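These notes are about the structure you will find just below.
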Amino acid sequence: MTEKCIFCEIANGRIPSVRVYEDADFIAFMDINPTSDGHLLLITRSHYKTTSEVPDKQLAKALPLAKKLALAAQLGVGSEGYNILINNGPVSGQLVEHWHLHIIPRKDKSEFPMKAGQPADLTKLPFIAASIRDNL
């Protein structure tokens, strides 16, 4: 746990939260600045800043748990869909430097605006793909 990390404080029970789920590795609680009704945050009990730092064994548990929580949230608030979102680093919109996954029930497209991307330059895609493959 890290001092001054609000999610570590929540995990330790020093800051109150409205918890929906908890086990030895994770805690899920209601977001206090929700994008929509039922917006949950799933955090690791241990402090990791981004997905790159979370052990693979723990990450393997995260998505099935997120799925379970998302379906429960969807039924709980009567939404038609949901987003599962992880921001990694400040440039991506990560506001708290503690790994967390957002589960955002969606009733309306306008609740969480995401624009479609621009058409790709098809001459660049093979080179970008090659660069990514080289770094696997």
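The values are calculated or read from the model by the stated rules, or taken from the named source; none is laboratory data. The model shown is predicted, which means the values in this text are computed figures rather than measured ones. Cβ placement follows ideal geometry from the backbone for every residue including glycine, while neighbour counts extend to all protein chains displayed.
When PHE127 is tested against (1) farther than 18 Å from CYS5 by Cβ; (2) modelled with pLDDT of 90 or more; (3) not in a loop (DSSP other than H, G, I, E, B), only condition (2) is not met.
Against the criterion of being free of Cβ contacts under 8 Å to residues at least 60 places away in the same chain, closer than 30 Å to LEU136 by Cβ and surrounded by 12 or more Cβ atoms within 10 Å (Cβ to Cβ), VAL91 does not qualify. As for the stretch 24-35, it holds no residue that is exposed (fewer than 15 other Cβ atoms within 10 Å of the Cβ) and either in contact with a helix residue (DSSP H, G or I) (Cβ under 9 Å, 6 or more places away or on another chain) or within 30 Å of LEU136 (Cβ to Cβ) (or both). Where strands (runs of 3 or more DSSP E) fall entirely within the stretch 1-61, those with at least 3 residues that are under 23 Å from ASN83 (Cα atoms) and either touching a Gly at 6+ places or on another chain (Cβ under 8 Å) or in contact (Cβ under 8 Å) with a residue 60 or more places away in the chain (or both) are at 40-44. Within the stretch 64-87, restricting attention to residues that are without any contact (Cβ under 8 Å) to a residue 40 or more places away in the chain and closer than 13 Å to ASP25 by Cβ, the residue that is surrounded by the fewest Cβ atoms within 10 Å (Cβ to Cβ) is PRO64.
With respect to ASN33, is the statement that it is within 12 Å of the chain's Cα centre (by Cα), closer than 29 Å to LYS4 by Cβ and modelled with pLDDT under 95 true? The answer is no for ASN33.
ASN83: polar (S, T, N, Q) and in contact with a Gly (Cβ under 7 Å, 6 or more places away or on another chain), yes or no? Even if it seems obvious, please write down each step before you answer.
Working: polar (S, T, N, Q): yes; in contact with a Gly (Cβ under 7 Å, 6 or more places away or on another chain): no.
When the stated conditions are applied, ASN83 does not pass them.
Are any residues in the stretch 82-103 assigned to a loop (DSSP other than H, G, I, E, B) and not polar (S, T, N, Q), and if so, which ones? Steps first, answer last, please.
From the stretch 82-103, those assigned to a loop (DSSP other than H, G, I, E, B) are 86-89, 93-99; that's our starting set.
Across the stretch 82-103, the qualifying residues are ILE86, GLY89, GLY93, LEU95, VAL96, GLU97, HIS98, TRP99.
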